[in-house]
Structure formats: C-alpha cells, structure tokens
Amino acid sequence: MRDSEPDNFVRSLIKRTLFVVLGASLLLLCVGLPAWAKGLAIGGVASVANIFFMALMLPRVLGRKRGAAEGMSFLSISIRFAVMGGALALALTSRGEVSVAATAVALFSVQLVMIAERVFMRHAGADAARNG
C-alpha cells in the first residue's frame with residue numbers, strides 16, 4: 001500500500017490524538033482521578049478507532065455503483081456507531097469505575113485535537129510573522 005497524503009494525515013492525526021489523550025489520562029491518574037482517566041482513555045481510543053474506520057472505508061465506497069456504495073456506507077456507519085456506543089455502554093455499566101462524562105468528551109478528542117492544532121498553528125504563524 002502506497003503512502004498518500006490523506007493516509008499520512010490520518011496516521012499523524014491518530015498519533016497526535018493518542019499522545020494527547022493518553023498523556024491527559026496519565027495526568028489525571030497522577031492527580032487522583034482514576035475514573036476520569038479511564039473514561040478519557042476509553043473515549044479517546046474509540047474516537048481514534050472511529051476516524052480509522054472512516055478513513056479505511058471511504059476509499060472503498062467511492063467509485064462504486066449506488067447500491068454497493070450505500071451498503072458499504074451503511075456498514076461503515078454501523079461499525080462506527082457500535083464503537084462509539086460500545087465506549088459509552090462500557091462507561092455506563094462500569095458502576096462508577098469509568099467516568100461517563102470523560103468518556104463522552106473524549107469521543108470528540110480527534111475533532112478537539114484538530115481544532116486545537118488549527119488554532120495553535122494560526123497563532124504560531126502570526127507570531128512568527130511578527131517576529132520574523
């Protein structure tokens with residue numbers, strides 16, 4: 001499989017997200033919030049799995065006949081919802097061992113990393129232009 005720009009983007013986004021989520025989870029463990037750490041880790045891994053499945057299935061859907069594309073799209077959405085729902089179900093049934101709120105927030109960790117990176121890069125570029 002050849003490395004394309006979208007593949008590299010998804011791969012680096014997954015790495016950055018896992019770094020942020022697992023780092024924040026370790027920090028929460030250090031300050032004595034293990035339920036929040038577990039929730040953040042579970043939700044973050046589910047978020048990364050979601051983006052991975054999306055990137056994996058999208059090229060398989062494009063260029064197919066309508067019926068096949070609809071079937072593949074439905075399969076992709078079903079898998080992604082099952083992963084996200086599974087993370088929430090695990091948190092809900094853990095009897096307080098896993099924070100449901102942290103899991104729910106972490107389900108959006110890929111999107112939050114993308115937004116934070118965009119804001120940070122915009123400010124870093126403006127600072128470099130002023131100082132350069």
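The values are calculated or read from the model by the stated rules, or taken from the named source; none is laboratory data. What you see is a predicted model; the values in this text were computed from it and never measured. Neighbour counts run over all protein chains shown; Cβ positions are idealised from the backbone, glycine included.
Points to keep in mind about this one:
- From the list Ala82, Ala35, Ala55, Ala69, the lone residue that is surrounded by fewer than 17 Cβ atoms within 10 Å (Cβ to Cβ) and more than 23 Å from Lys15 (Cα to Cα) is Ala69.
- When the criteria are applied in full, Leu40 fails the requirement of being assigned to a helix (DSSP H, G or I), in contact with a Pro (Cβ under 9 Å, 6 or more places away or on another chain) and crowded, with 18+ Cβ neighbours inside 10 Å.
- Test for Met84: is it more than 18 Å from Val20 (Cα to Cα) and either of a type outside the set (S, T, N, Q) or touching a strand residue (DSSP E or B) at 6+ places or on another chain (Cβ under 6 Å) (or both): yes
- Filter pass, Phe74 being exposed (fewer than 12 other Cβ atoms within 10 Å of the Cβ), over 25 Å from Gly39 (Cα atoms) and at pLDDT 85 or above: yes
- Test: residue in the range 27-35 that is of a type in the set (A, V, I, L, M), more than 19 Å from the chain's Cα centre (by Cα), modelled with pLDDT of 85 or more and in a loop (DSSP other than H, G, I, E, B): yes
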